[in-house]
Amino acid sequence: MNANTGWQVYQGTGRVASSPLAEVPEAPPWRKFTGSGEVFRPNDDRGEGDRRVGALRATRRKPHPREVSMVNAAIYLRRPLLVTGNPGTGKSSLAYLVSRELGLGPVLRWPVTSRTALKDGLYLYDAIGRVQAAADRSPEIPADSDLGDYIHLGPLGTALLPYDLPRVLLIDELDKGDIDLPNDLLNVFEEGEYDIPELVRFAAKQSEMRVLTADRGGSAVVREGVVRCREFPIVIITSNGEREFPPAFLRRCLKLHVGPPDFDQLGSMVAAHFGEADGVDLARLITDFLERSGQLGGLASDQLLNAVHLATQLVTSGAYQHDADWNDLLTAIWHPLSAELE
């Protein structure tokens with residue numbers, strides 16, 4: 001579809017919209033959720049978006065092919081977007097681009113490791129800390145009154161709070177996780193809710209409990225021990241292709257493959273971080289980077305940013321020039337990502 005058609009709420013330009021997203025398109029009937037309650041929504045991402053995708057927003061970014069249509073399809077259909085591609089191709093940055101362009105606040109990032117379980121993303125209960133604190137509690141204070149102080153919602157758990165507008169959730173490198181994790185996510189993705197058993201057991205005594213969230217200094221009220229979303233989050237899941245996912249999981253996701261960035265995409269990325277980078281031959285540097293990336297089977301985009309930053313520092317000191325020493329530096333900075341090519 002044409003990028004100028006009116007159906008897209010996300011344009012992929014890298015620019016902050018003139019006004020934040022006021023409402024999301026209507027959800028399919030089977031993806032409407034009923035979460036209720038007021039939840040504090042942070043707006044300031046503390047510079048994380050600028051750090052990830054660049055602070056200069058005047059340069060028009062060139063999106064990857066199909067990026068804009070697939071992100072918008074995920075928003076319309078309330079489905080996770082599985083983003084695949086080689087390391088360093090900008091998969092994770094997509095979440096920050098979406099959140100910043102639509103004005104949706106800080107990205108909730110859940111980095112996955114081999115030990116990650118579903119509960120880690122939903123919430124953590126500090127039972128030991130609560131027991132230790134009980135010794136100092138006054139006898140007049142009810143024993144369960146501080147329960148919420150020891151329940152901390154994770155990134156996924158926070159994203160499923162009943163916000164009026166969706167949060168952006170980045171599940172980073174899902175393919176590194178336990179083989180059962182994708183299947184464990186299915187029910188949460190389908191239902192848009194989860195229980196906190198520690199609060200469910202206490203709900204008869206106190207139906208509402210304030211707990212901590214994944215936002216710095218954030219908290220939210222949980223009712224009856226159940227967290228239920230109002231708007232399904234915009235879920236960006238990245239994978240480096242280290243293993244296959246179950247068919248049932250893939251069926252519930254939309255998929256976007258991100259190939260290596262081309263000259264124009266790298267140029268806009270560099271401009272977002274450095275502007276014109278006066279004194280540095282950016283065209284030559286990007287061309288050399290693409291050539292070496294092709295020889296080594298792919299380099300990460302941040303390896304180019306490293307080289308540009310070093311070049312700008314050398315320009316300041318008057319030492320920047322294309323000579324043997326500089327080429328040696330580039331060889332060290334642009335090292336292969338695979339140990340087999342070392």
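Coordinate-derived values only; no laboratory data. Nothing here was measured: the structure is a model prediction, and the numbers come from that model. Glycine gets a Cβ as well: all are built from the backbone with ideal geometry, and neighbour counts include every protein chain shown.
Convex hull over the Cα atoms of region 263-341, averaged projected area in nm²? Working shown, then result.
Working: hull surface 19.9 nm².
Averaging across all directions leaves 5.0 nm² for the Cα convex hull.
Place the peptides 26-33, 205-212, 232-239 in order of packing, highest mean first, counting for every residue the other Cβ atoms within 10 Å and averaging per peptide.
Working: 26-33: 11.6, 205-212: 16.4, 232-239: 25.9.
Sorting 26-33, 205-212, 232-239 by mean packing, highest first, produces 232-239, 205-212, 26-33.
If you only keep lysine pairs separated by 8 or more in sequence, or across chains, how many in the chain come under 27 Å at the Cα atoms?
Close lysine pairs found across the chain: 11.
Given the C-alpha centroids of region 29-94 and region 153-185, what is the distance between them in whole angstrom?
13
Can you work out ³J(HN,Hα) from phi for every residue in region 77-82, in order, using Karplus 6.51 cos²θ - 1.76 cosθ + 1.60 and θ = phi - 60°, giving whole Hz and x for Gly and Pro?
Running phi through 6.51 cos²θ - 1.76 cosθ + 1.60 with θ = phi - 60° gives 8, 6, 10, x, 10, 8 Hz.
Which one of Gly294, Ala159, Thr213 has its Cα pushed farthest toward the positive end of the charge dipole of the chain, where Lys and Arg give +1 and Asp and Glu give -1 at the Cβ?
Comparing the listed Cα positions along the dipole, Ala159 ranks first.
Lys/Arg Cβ at +1, Asp/Glu Cβ at -1, dipole of the chain taken about the Cα centre: which of Tyr123, Val107, Pro25 is farthest positive-ward?
The residue sitting most towards the positive pole is Pro25.
Could you work out the relative contact order of region 29-257? I mean the mean sequence separation of Cα pairs under 8 Å and 6+ apart, divided by the number of residues, in percent.
Values: 406 pairs, mean separation 77.0, N = 229.
The normalised contact order for region 29-257 reaches 34 percent.
Using only Cα atoms and rounding to the nearest 10 degrees, what angle (0 to 90) does helix 181-191 make with the longest principal axis of the chain?
Once rounded, one gets 60 degrees.
Quick query: amide H of Val222 versus all other amide H atoms, modeled in the peptide plane; which residues come in under 5 Å with a sequence gap of 5 or more or a different chain?
Answer set, sorted by chain and number: Met209, Arg210, Val211.
Over its Cα atoms, what ratio of radius of gyration to 2.2 N^0.38 Å does the chain give? Let's see the in-between values first.
Working: Rg = 22.8 Å, N = 342, 2.2 N^0.38 = 20.2 Å.
Normalised Cα radius of gyration, the chain: 1.13.
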